[in-house]
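Every number in this text was worked out from the coordinates using simple rules, so none of it is lab data. Treat the numbers as computed from the prediction; the structure is a model and nothing was measured. Cβ sites come from the backbone with ideal geometry, for glycine too, and all protein chains shown count toward neighbours.
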Amino acid sequence: MRIRNSLLVVALAAGLGACHGAGGPQMSRVTAWLTDAPGTDMIESAQVTISTVYLVGSDGTARDTLSTNAGVFDLLDLQNGLKAFLGTATIAAGDYEQLRLVVAGATIALKTGFTFSDGTATHDLKVPSGPQSGIKVNFGGPVHIAPPATTVTIDFPIDENFVFTGGSSSPNGVLFTPTLHGTVTQ
């Protein structure tokens with residue numbers, strides 16, 4: 001009788017534990033990385049300051065933050081397969097509408113021998129919607145986050161994001177035209 005009661009208690013505990021685990025949302029550890037494709041020969045450095053990385057839920061309003069202190073990155077250091085860590089968080093698995101990077105600032109410095117038309121070699125760039133709502137990362141559809149872990153890699157290609165204005169040997173300035181691409185691996 002004691003053995004049967006003990007087995008019954010163990011079976012009930014296992015059943016309750018299984019029900020508890022099945023009833024909650026599945027979670028995924030999401031890690032975000034930043035990389036860059038090779039760019040123009042005129043640029044010495046292309047620094048971006050990323051303050052926050054977050055996913056927007058499928059309802060368009062809910063936010064899951066991956067990082068609130070990502071850092072300053074020179075995109076030229078992230079070429080040829082090199083990556084920089086942006087952040088990680090455990091969030092509910094599922095489909096997310098988009099990923100956004102809040103870019104607090106960006107600066108371009110030209111290589112020796114190149115100057116802007118004003119005689120300087122460095123320009124701070126205006127970041128369209130970057131410091132407010134963040135720059136949208138293009139995935140070609142919803143971002144699917146699956147358990148137990150998902151890796152998101154964000155490509156920040158210099159040639160697509162920084163467009164020189166004016167002459168090619170002595171440009172007037174640089175326009176920041178955010179075009180970020182993302183890939184997801186499970």
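Tabulated data
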item	result
Under 5 Å, built H, 5+ apart or other chain: amide partners of THR150	ARG29, VAL30, THR31
P(r) of segment 25-185 over all Cα-Cα pairs, binned every 5 Å from zero, in whole percent	2, 9, 18, 21, 17, 13, 8, 5, 3, 2, 0, 0
Residue-averaged 222 nm ellipticity for the chain, from DSSP H runs of 4+ at -39500 (n - 2.57), nearest 500	-4500 deg cm²/dmol
Karplus 3J(HN,Hα) series, Hz, for segment 132-149 with 6.51 cos²θ - 1.76 cosθ + 1.60 (x for Gly, Pro)	8, 8, x, 8, 6, 9, 7, 10, x, x, x, 8, 8, 9, 10, x, x, 8
In nm, spacing of pseudo-spin labels at GLN186 and ASN138 (7 Å Cα→C-beta vector)	2.6
Per-residue Cβ neighbour rank within 10 angstrom, fewest leading, ASP95, ASP118	ASP118, ASP95
Relative contact order [Cα under 8 Å, 6+ residues apart], the chain, whole percent	25
Chain lengthening between MET42 and ASP95 when straightened (0.36 nm per residue, less Cα-Cα)	15.1 nm
Nearest 10 degrees, 0 to 90: helix 2-23 Cα axis against the chain principal axis	30
THR52 long-range amide H proximity, modeled H, under 5 Å	ALA70, VAL102
Nearest-0.05 FRET efficiency for VAL163 and THR65, computed from C-beta distance (R0 35 Å)	0.70
Selection from THR122, PRO178, SER168, by position along the positive dipole direction of the chain (Cβ)	PRO178
